[in-house]
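Working notes, beginning with the structure itself.
Every read-out reported here was derived from the displayed coordinates using simple, explicitly stated rules and does not represent laboratory data. From a predicted model like this one, the values you see are computed outputs, not experimental measurements. All Cβ positions, even for glycine, are placed from backbone atoms using ideal geometry, and neighbour counts span all protein chains on display.
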């Protein structure tokens with residue numbers, strides 16, 4: 001009995017000592033990691049302030065917890081936007097944007113189990129020569145419980161490793177996109193268009209398109225129709241080997257009660273699109289298509305229609321091909 005009593009006494013002493021030490025440990029914690037990214041500050045900001053883009057680089061994705069369900073309410077990069085998740089590995093939690101200053105600061109409130117465990121996170125962006133220094137921070141209050149304060153001793157190692165892997169992936173994604181043209185997601189409303197379907201190969205695109213748009217403009221002028229947009233081409237099929245394609249040449253108009261001959265009047269549906277602005281000659285757009293397809297794939301979107309090229313610049317009025325602006329787009333969902 002004396003031995004048992006001594007064991008109990010020592011256990012009590014150890015527990016009391018650990019409790020006292022626990023209360024002496026820091027009540028707060030802070031985890032901070034940084035990385036230099038060779039990309040534009042605005043691009044890096046958009047990748048971090050938009051929760052929908054976190055799947056491109058964050059360590060906490062569907063791949064890490066296949067049971068996780070994600071839900072977002074609010075707009076990208078807007079104070080008050082909420083991102084919620086619930087999964088077997090991730091648990092139940094949410095992030096709420098608290099402040100978003102473009103290119104300077106992005107901060108959020110993080111909580112688990114309905115605000116039982118809370119912390120604050122932030123991103124700071126500082127220009128360093130032609131790169132940007134990104135500083136990712138998370139800090140929180142461990143409260144009065146000594147057990148939580150012991151857990152706080154391991155926060156830097158555990159969370160810090162996630163921050164390091166996330167920032168490393170962010171660097172890869174941002175630096176790749178740094179060489180892409182500006183890409184936008186937007187909604188294109190329905191419109192009435194006059195179109196001519198034709199086909200061409202590498203040596204015949206110029207004359208075929210010149211003839212087609214000439215016919216469209218002659219019809220529009222004869223009917224005194226009002227043009228509502230730039231000329232466009234919608235590619236029905238494309239052979240990457242022969243560079244031969246079938247396409248619809250078109251011009252949007254305010255109203256048309258029909259076409260004539262090979263000119264057809266159609267209504268294009270309202271649809272979500274991903275679009276890039278390209279400047280240069282028409283035969284060097286391959287890299288833009290590649291960037292758009294990769295953007296769509298990485299963003300979890302799906303192409304649901306044929307690509308368009310909208311010819312913003314009239315080549316007959318601008319001899320410098322480097323200044324030719326073409327908007328290239330894909331309908332997506």
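Any idea what angle helix 286-298 forms with the longest principal axis of the chain, computed on alpha-carbon atoms, 0 to 90 degrees, nearest 10?
The helix 286-298 is inclined about 40 degrees to the chain.
Between residue 203 and residue 303, what FRET efficiency comes out of the Förster formula 1/(1 + (r/R0)^6) with R0 = 25 Å and r the beta carbon distance, rounded to 0.05?
So the FRET efficiency works out to roughly 0.30.
So for the chain, averaging the separation of alpha carbon pairs under 8 Å that are six or more residues apart and normalising by length, what relative contact order in percent results?
It rounds to 15 percent for the chain.
For the chain, find the longest principal axis of its Cα atoms and tell me its angle to the long axis of helix 2-24, 0 to 90°, nearest 10.
50
Which three extents, in angstrom, do the Cα atoms of the chain have along their principal axes, listed largest first?
That gives 110, 42, 36 Å along the principal axes, largest extent first.
Please arrange 133, 329, 43 by counting, for each residue, the other beta carbons lying within 10 Å of its beta carbon, fewest first.
133, 43, 329
If a/c stays under 1.5 just call it rounded; otherwise compare a/b with b/c (prolate if a/b is bigger, oblate if not). Do that for segment 180-247, with a ≥ b ≥ c from the square roots of the Cα gyration tensor eigenvalues.
Taking the square roots of the gyration eigenvalues as a ≥ b ≥ c, segment 180-247 is oblate.
How high is the relative contact order of segment 183-331, in percent, with contacts defined as C-alpha pairs under 8 Å that are six or more residues apart?
Relative contact order of segment 183-331: 30 percent.
Mind sorting 247, 112, 106 by how few other Cβ atoms lie within 10 Å of their own Cβ, fewest first?
With the fewest neighbours first, 247, 112, 106 line up as 112, 106, 247.
Can you give the angle from 0 to 90° between the axis of helix 155-177 and the longest principal axis of the chain, with both taken from C-alpha atoms, to the nearest 10?
In the chain, helix 155-177 runs at an angle near 10 degrees to the longest axis.
Would you order 77, 49 from fewest to most other beta-carbon atoms within 10 Å of each residue's own beta-carbon?
If I rank by nearby Cβ atoms, fewest first, I get 77, 49.
Give the Cα extents of segment 183-331 along the principal axes, in whole Å, largest first.
46, 33, 27
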